[in-house]
Ligand code: PMV
């Protein structure tokens, strides 16, 4: 096997339209339900991995700063998976940079583990196909598997052999715009998405959510393939609210101080209310939320200027800002 020993890759975060919330296997990040997502072209992680005999420990730098202990542990565990597959003993220098803020509900772990999986496996000389790469990324962070294929992805539940993301449609399938808002004044979240997944079954509404999902996903998938925003929009909104209803009524382990997980900030609700008003005014724009205070707005390219004009004045009051994405490409190697 030829081993380049170093490689760099980029990946985009992805936004779930139908969300992954809850697991059947926490060790292996196997999801309790199928999910659908779109890659966000407007945000990116770039990661470089260099295996070298000059190191006795992995050396990990994120956004120019040495990684904290928790992150080091997760990244080293992921490099260990690559080392085991490639049978390579060397430690690695990992340098990674996001061009978007972490902890705002923009899934940085997805783009991070997608880019790391591709750069590390390539550097170690592994030639993984798209499904094997997606499965590897999933072990780092569940939703990272959906940042591997280009465009729109579908990640089914099921056994290990099936638990990888497939492309549902390429980026150019739909001229959708995703406007991601975030707020300068919101505090970092108190409960990670990993803790949220594990807490989900403690919600009395979790079973009801899982029972509803197959039908919602089938309808959302058809609407996506038909580029039908008026059908998928309300489904995506109900889906986000369903996840948050479960989160708000679940009890995470190790957090006796809280009686439910509130990822929302006051600004989150202000944007939701504004979107509802804009729709009443005839503007076709819809919202969704992940595990954070950020709100993502979905609209067609033709509606983008109207939404941006309204959003700009709202975000001034909320001390917020935004970036815009189109459906993005999957993880790829770069020079
Ligand atoms: O991959 P994780 O463990 O960060 O979970 C992601 C959870 C959500 O972003 C809330 C939903 C999703 O499907 O991406």
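Among the residues making up segment 167-201, a single one is surrounded by fewer than 19 Cβ atoms within 10 Å (Cβ to Cβ), closer than 19 Å to residue 23 by Cα and away from the ligand (no atom under 12 Å from the Cβ): 201. Tell me whether segment 112-127 contains one or more residues that are within 20 Å of residue 10 (Cβ to Cβ), within 14 Å of the ligand (Cβ to nearest atom) and in a loop (DSSP other than H, G, I, E, B). No, that holds for no residue.
Taking (1) crowded, with 16+ Cβ neighbours inside 10 Å; (2) more than 29 Å from residue 270 (Cα to Cα); (3) more than 14 Å from the ligand (Cβ to nearest atom) in turn, residue 163 satisfies each apart from (3).
When 143, 131, 96 are checked against the criterion of being touching a helix residue (DSSP H, G or I) at 6+ places or on another chain (Cβ under 6 Å) and touching a residue at least 24 places away in the same chain (Cβ under 8 Å), 143 stands alone in meeting it. The sole residue among 219, 238, 227 that is closer than 16 Å to residue 37 by Cα and under 20 Å from the mean Cα position of the chain (by Cα) is 238.
Residues in segment 40-52 that are farther than 14 Å from residue 288 by Cα and in contact with a strand residue (DSSP E or B) (Cβ under 6 Å, 6 or more places away or on another chain): 41, 42, 44, 45, 46, 47, 48, 49, 50, 51.
Residue count for segment 135-147 under the criterion of being crowded, with 24+ Cβ neighbours inside 10 Å and more than 13 Å from the ligand (Cβ to nearest atom): the result is 1. Report whether or not residue 94 is modelled with pLDDT of 95 or more, farther than 27 Å from residue 265 by Cβ and either out of contact with any strand residue (DSSP E or B) (no Cβ under 6 Å at 6 or more places or on another chain) or surrounded by fewer than 17 Cβ atoms within 10 Å (Cβ to Cβ) (or both). Spelling it out, it is not the case that residue 94 is modelled with pLDDT of 95 or more, farther than 27 Å from residue 265 by Cβ and either out of contact with any strand residue (DSSP E or B) (no Cβ under 6 Å at 6 or more places or on another chain) or surrounded by fewer than 17 Cβ atoms within 10 Å (Cβ to Cβ) (or both).
The values are calculated or read from the model by the stated rules, or taken from the named source; none is laboratory data. Computed from a predicted model, the values in this text were never measured in an experiment. Virtual Cβ from ideal backbone geometry, glycine too; neighbours counted across all protein chains shown.
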